[in-house]
Every structure is written in C-alpha cells, then in structure tokens.
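The values are calculated or read from the model by the stated rules, or taken from the named source; none is laboratory data. Keep in mind that what you see is a predicted model, and the values were worked out from it rather than measured. As a convention, Cβ positions derive from the backbone with ideal geometry for all residues, glycine included, and neighbour counts pool all protein chains shown. Only protein heavy atoms, including side chains, enter the accessible area calculation; ligands, DNA and RNA are left aside. Shrake-Rupley method; radii C 1.70, N 1.55, O 1.52, S 1.80 Å.
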Amino acid sequence: MLYVDYAATTPLDPRVGEVMKPYEEAQFGNPSSPHRLGREAKSAVERARSQVATSIGASSPEEIVFTSGGTEADNLAILGYALENQEKGKHILVSSVEHHAILHPCEFLQKQGFKVTYLPVNSYGQVEPDEVKKSLTPETILISVMTANNEVGTLEPVMEIGRLAEEYGICFHTDAVQAFGQVRVRVKDFSCSLLTLSSHKIYGPKGVGALYVRKGTYLRSLLMGGGQERNLRSGTENVAGIVGFGMASQLAFQEYLPRSEHLKRLRDAFIARIREVFPEAILTGHPEHRLPGNAHFLFPDIPSESMIAGLDLEGIAVSAGSACASGSLEPSHVLKAMGIPAKLARCAVRFTFGMGNTLQDVDTLASAVDRIKSRLLAPSA
Ligand code: PLP
C-alpha cells in the first residue's frame, strides 16, 4: 500500500510506541490512585504535559488540558469558552472553512441564542484580517480561525488575526491540528488564548489530544465527574496515549524543520509531475502559504470517487478531503466557501505526504494518475 493520506491520520512513530509500551503493560496505574503505581502514572502524565507545553511554547505545563483528541479540544474551546463567558457577550466569529468540530458546536450555540458570524475566505481559502475587524461588535467574545486548513492545506494569517484579537481584548482560538509538526506553532506568535492539538496527526496514538488554555482564560467543563485535568476534563486519563502524545509532540517540535523540508520536496515534485501528466488539473489553496505536505487538486471531469477508487485499485490511499465530505454527495463546505463551483468541487482529490513517503512514491503516484486519466477520459470509440 502506498499511503498518501497523512492528513487523515499518521502511523505511530516507533520511538513513540516504545515509550508507551510500559504504560500499556506493567505501569497500568490510575493517576488518581494514592499508591506507587498511581503516583508513577501521574508523573508520566505530568512529564507528557511538560513536553506538550514546551513544544508549543506555553508558559507553563498547567496550560495544557489533555482531551480525547482534536474534536473534543475544539468542542471544549468553543462551547466551554462561550458558555462560561456569555455574560460578556454572545457573538462569535469563525472562519467558514473550519473543521466540523468547530462548526457544529457553533450551530449548537446559535440554537442557544448566540450569534455566529461565518467569516468569508478568498479564493485561496484565506480569511482576510480586515474581514475579522469589520465583523467585530461590542458583543464579540471569541474568534476561532484554524492555523492550516485540513482539506486544501492553506495557512491562515493567524498572527495578524491573533494580534487583532489581542488589541480588542477578545479571546482567540486556533485549531492547529494540521499545522503542528509541519510549520512553526508557538502560542505567543499567534497571540492565542486557546489552541487545539491532536496526537494522531503527528505520528502519535489515536484518541488523545490537548487544548492549550492560556492562564486567566476560563472555560466551562463539558464533562462532569472526578474533576481530573483541573476540573476541565473529568475522566481517568488515557495514560499510555498521553505519554505517546507527549513524545510525539516533542519530536514534532524538534523535527518540524527537516520534516517540512522533506514534505515540501515531495509535494513540489508531485505538483510538477501532475502539471505534466494532467495539465488541466487545478491546484487549489494558496500556491505558497500552504502546508508542506499538502497537494489538493481538482481533476475536471473525473469525479473524486473515480480517481480515489482507481488509485485504491492500484494500492494507493488518498482521499477527497475531509473525512465527512468524502463518500457524501455534498461538495465540501471548504471548496464552496472558496467559490469553487459544485461540479468542479466534486472532482477534488487530496494528496497529503508524510515521513514514510519518498521521491519514488511521487513517480508511482503521478504515473497512476496519468493511467487513470487516460482510462477515464479516453474518447469512447
Ligand atoms: N481539526 C482539524 C483541522 C482536523 O483536521 C481534525 C481531524 O481530521 C480534527 C480537528 C479532529 O481531530 P481528531 O481526529 O483528533 O478528533
């Protein structure tokens, strides 16, 4: 299998698997237990918290809240902040290209009487900071714009938006799930109060993630129970998962530069090859300000499912974009927001490279696209 769907998930880095192993076996204690096994589990969780905090430049480990993944961290950011701070105002700004883990909580809040403004994006999928400024009202309490888009790979101007939010005293959240490990992610650069991470996108285990919560930012907990994670996320901690996530975060931070150089090399070689074999193909997203590992194409007249199935038959794994959009007939909300007509949006394929890929894979992939194109677009006799 040639895997080119690293934005969906990544395999476990063996160095991560190694540190997790003891906590899946002999060191199985509950961090809340008073005995030695419990204390050791607690120390392991706290070590991981420090690793995650350092990897994003947080001021202290207490600013990290472990969750079950990016989805829960996004839900906690939006719902937790809005519900806790509603006496200050009931208006939220989010980009129209956010993940559903942001958009669906916003829809829920609208039903609870909040006003949500969905910020438009330009044809590259970028929010214009001026749009943010224009949309602010005295009621605005929260702005959420992702660091990088999971479908088209566009990097958002989060530094400018963060500065604007700070200037107006508004909480800024950014979903850095896709960006972390590929580009520089430092909470101070983004002037953010909340930031979402997910472990399984950075060669860590699935089912674990974190929300960075800047000191002095107050959230309502969505889970009620034993009061773990400083009362913000009740439930016995996924110790092995958290230990793995800590290690994966440390590696993502230490290695993001060589990783991003490797990915960029593959991506640019692939884009060049597609331009040769399929000149009508349209690269979506920003030509430069994009994730190093992402090449998202529209292949006119070839429905996404046909290209994906054709590649799957050749043992190549790619997807259309977001997991929710693939397999459904609705074109993706991201492409729609970018002004791409529905017919063309149904011809989208997302190629996301990872550390397991080589330049040889790029050739294999481009040749497969070429063969599928010739087969599907051949004039009928
Ligand atoms: N946010 C973004 C931008 C994502 O790409 C994803 C996963 O696809 C998520 C959030 C959800 O993360 P998780 O799978 O850890 O729940």
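Worth a mention:
- Taking every protein chain into account, the accessible area of segment 1-116 amounts to 44 square angstrom per residue (probe 1.4 Å).
- With the charge dipole of the chain set up from +1 on Lys and Arg Cβ and -1 on Asp and Glu Cβ about the Cα centre, the Cα lying farthest toward the positive end among the listed residues Gly80, Ser332, Phe299 is that of Gly80.
- Under a model in which nothing but the beta-carbon of Lys, Arg (+1) and Asp, Glu (-1) is charged, segment 25-130 shows a dipole of about 320 debye around its Cα centre.
- Charge dipole (the chain, unit charges on Cβ, about Cα centre) - positive-most of Phe270, Leu119, Ala44: Ala44
- Carbon + sulfur, % of accessible area of segment 243-373 - ligands and nucleic acids excluded, 1.4 Å: 57 percent
- Antiparallel DSSP beta bridges within the chain, as percent of all bridges there, nearest 5: 50 percent
- Looking at segment 148-235 alone, DSSP beta bridges between its own residues are antiparallel in about 60 percent of cases.
- When the convex hull of its Cα atoms is projected in every direction, mean area for segment 1-146 (nm²): 13.2 nm²
- With all protein chains modelled, accessible area of Ile271 [1.4 Å, Å²]: 20 Å²
- For the chain, complete DSSP H runs whose alpha carbons reach 18 Å or more along their own long axis and whose mean Kyte-Doolittle score is 0.0 or higher are 239-277, 359-377.
- For segment 260-352, the relative contact order is 31 percent, taking Cα pairs closer than 8 Å that sit 6 or more residues apart in sequence and dividing their mean separation by the residue count.
- Note on segment 196-336: with charges restricted to the Cβ of Lys and Arg (+1) and Asp and Glu (-1), its dipole about the Cα centre is near 800 debye.
- Across the chain, the longest run free of exposed loop sites, meaning GluC sites (Glu not before Pro) lying outside DSSP classes H, G, I, E and B with no more than 16 other Cβ atoms within 10 Å, spans 140-279.
- Considering every alpha-carbon pair of segment 86-173, the percent of pairs per 10 Å bin, from zero through the bin containing the longest distance, is 18, 53, 27, 2.
- Among the listed pairs Lys201/Lys264; Lys21/Lys201; Lys111/Lys201; Lys115/Lys215; Lys88/Lys206, those beyond 28 Å (Cα-Cα): Lys111/Lys201; Lys88/Lys206
- Solvent accessible area, Å² - Thr117, 1.4 Å probe, full protein context: 30 Å²
- Solvent-accessible area of Asp13, all protein chains in place: 20 Å² (probe radius 1.4 Å, heavy atoms, ligands and nucleic acids excluded).
- The residue list Gly181, Gly209, Val65 was ranked by how far each Cα lies along the charge dipole of the chain toward its positive end, using unit charges on Cβ atoms, and Val65 comes out on top.
- About the Cα centre, charge dipole magnitude for the chain (Lys/Arg +1, Asp/Glu -1 at Cβ), debye: 420 debye
- Direction-averaged projected area, Cα convex hull, segment 34-86: 4.9 nm², rounded to one decimal.
- Segment 166-316 - convex hull of the alpha-carbon atoms, volume per residue in Å³: 180 Å³
- Residue-count net charge about Ser191 - beta-carbon cut-off 12 Å; Lys, Arg +1, Asp, Glu -1: 0
- Intensity falloff of the chain expressed as log10 I(q)/I(0), Debye formula with alpha-carbon point scatterers, at q = 0.06, 0.07, 0.08, 0.14 Å⁻¹: -0.23, -0.32, -0.42, -1.18
- Segment 110-233 - convex hull of alpha carbons, volume per residue in Å³: 138 Å³
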